[in-house]
Amino acid sequence: MMPRPYLALLLDLDGTLTRVESLWKHIHESFSAWKQDAEMDQERFASGEIDYATFCLLDAQRWKGRRVKELRRVADSVDLRPGAVELRGHLRARGLKVGVISTGLTLLAERVHRELDLDFTIANRLLSRGGRVTGSVKISVEHGRKDEAVTLLCGQFGIPAEQVITVGDSDGDISMFRAAGYSVAFNPRESEVSRSADAVCVGDSLMDLLPYLPLDPP
């Protein structure tokens, strides 16, 4: 029996589709606030002292009262990796659905969705009122639970999980690796990420991924 073709490819955003490893951190650095409490909270989350929801809320509260357009300006300065548009074209020619699963922010994810004409995008949203950040955040993707977003895509498009490819770079992507039929660690940040994927790709352009993707010819 011939193997069934892959019908969708889901990518991490921060560090994968872009070189910026965390939009949250990038915004703090842009406001010269990372080396203050923000970095300490990152360490507290990494050590298990605080949970993910608390970590995100603390970050969002540091931006309370700032104009959304200030933060969007920072997000708009983040470029896609080379090859993003070309990879999207190759995948479209093969009939795949393409999407993004990110624990980053919709400030960037929504722009990428438009630029790449994606089929599916999910990320976390800073809440605002009157054009200013309220200090609250709607968490749609939790760290370590990207598998839930894979399930969401499968339900939305009627695609079995074993016919989904996932691509990511950090430990936060491992759950979506395990939920999918095939996975690629792209410039993995930790050895555990490499061990958890079916293939490992190191490169600058997203087109470097092509030899590692189990795709049928167009």
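Every read-out reported here was derived from the displayed coordinates using simple, explicitly stated rules and does not represent laboratory data. For clarity, every value in this text was computed on a predicted model and none was experimentally measured. Cβ: placed from backbone, ideal geometry, glycine included. Neighbour counts: every protein chain shown.
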query = Residues with amide H under 5 Å of Thr121's amide H, sequence separation 5 or more or different chain, H placed in the peptide plane at 1.01 Å from N; which?
reply = Val100
ask   = Ile50's amide H: which non-local residues (gap 5+, or another chain) put their own amide H closer than 5 Å, with H modeled 1.01 Å from N in plane and none for Pro or chain starts?
value = Phe45
remark   = Only helices counted: for the chain, with every DSSP H run of 4 or more residues adding -39500 (n - 2.57) and the sum spread over all residues, [θ] at 222 nm is -10500 deg cm²/dmol
ask   = With each pseudo-label sitting 7 Å past Cα toward Cβ, what's the Arg19-Asp171 distance in nm, one decimal?
value = 2.6 nm
task = Treat every Asp and Glu Cβ in region 96-218 as -1 and every Lys and Arg Cβ as +1, leave all other atoms uncharged, and give the resulting dipole magnitude about the Cα centre to the nearest 20 debye.
result = 680 debye
task = Per residue of region 180-197, in order, report the coupling 6.51 cos²θ - 1.76 cosθ + 1.60 (Karplus, θ = phi - 60°) as ³J(HN,Hα) in whole Hz, putting x for Gly and Pro.
result = 9, x, 8, 9, 10, 8, 9, 6, x, 7, 9, 4, 4, 5, 4, 5, 8, 9
inquiry  = Through the Karplus equation 6.51 cos²θ - 1.76 cosθ + 1.60, θ set to phi - 60°, convert the phi angles of region 101-108 into ³J(HN,Hα) values in whole Hz; use x for Gly and Pro.
reply    = 10, 9, 8, x, 10, 5, 3, 9
ask   = If you take the charge dipole of region 12-66 about its Cα centre, with +1 on Lys and Arg Cβ and -1 on Asp and Glu Cβ, which of Tyr52, Ser30, Gln42 is farthest toward its positive end?
value = Ser30
key: Student exercise, the chain dipole from Lys, Arg, Asp, Glu Cβ charges, in Debye to nearest 20   = 960 debye
request  = Could you sort 61-69, 47-55 so that the peptide with the highest average Cβ count within 10 Å comes first and the rest follow in order?
outcome  = 61-69, 47-55
key: log₁₀ of I(q)/I(0) at q = 0.10, 0.16 Å⁻¹ - the chain, Debye sum with one point per alpha carbon   = -0.43, -1.08
request  = Work out the FRET efficiency for Arg94 and Lys138 from their Cβ-Cβ distance, taking R0 = 35 Å, and round it to the nearest 0.05.
outcome  = 0.55
request  = Quick one: which residues, 5+ away or cross-chain, put their amide H under 5 Å from the amide H of Ala8? H built at 1.01 Å from N.
outcome  = Lys97, Ile165
ask   = If all Cα-Cα distances of region 1-126 are sorted into 10 Å bins from 0 onward, what percent lands in each bin, rounded to whole numbers?
value = 12, 39, 29, 15, 5, 1
key: Inter-site label distance for Arg145 and Glu115 at 7 Å from Cα along Cβ, in nm   = 2.9 nm
note = When the charge dipole of the chain is computed with +1 at the Cβ of Lys and Arg and -1 at the Cβ of Asp and Glu, the Cα pointing farthest to the positive end, of Pro188, Thr16, Phe157, is that of Phe157
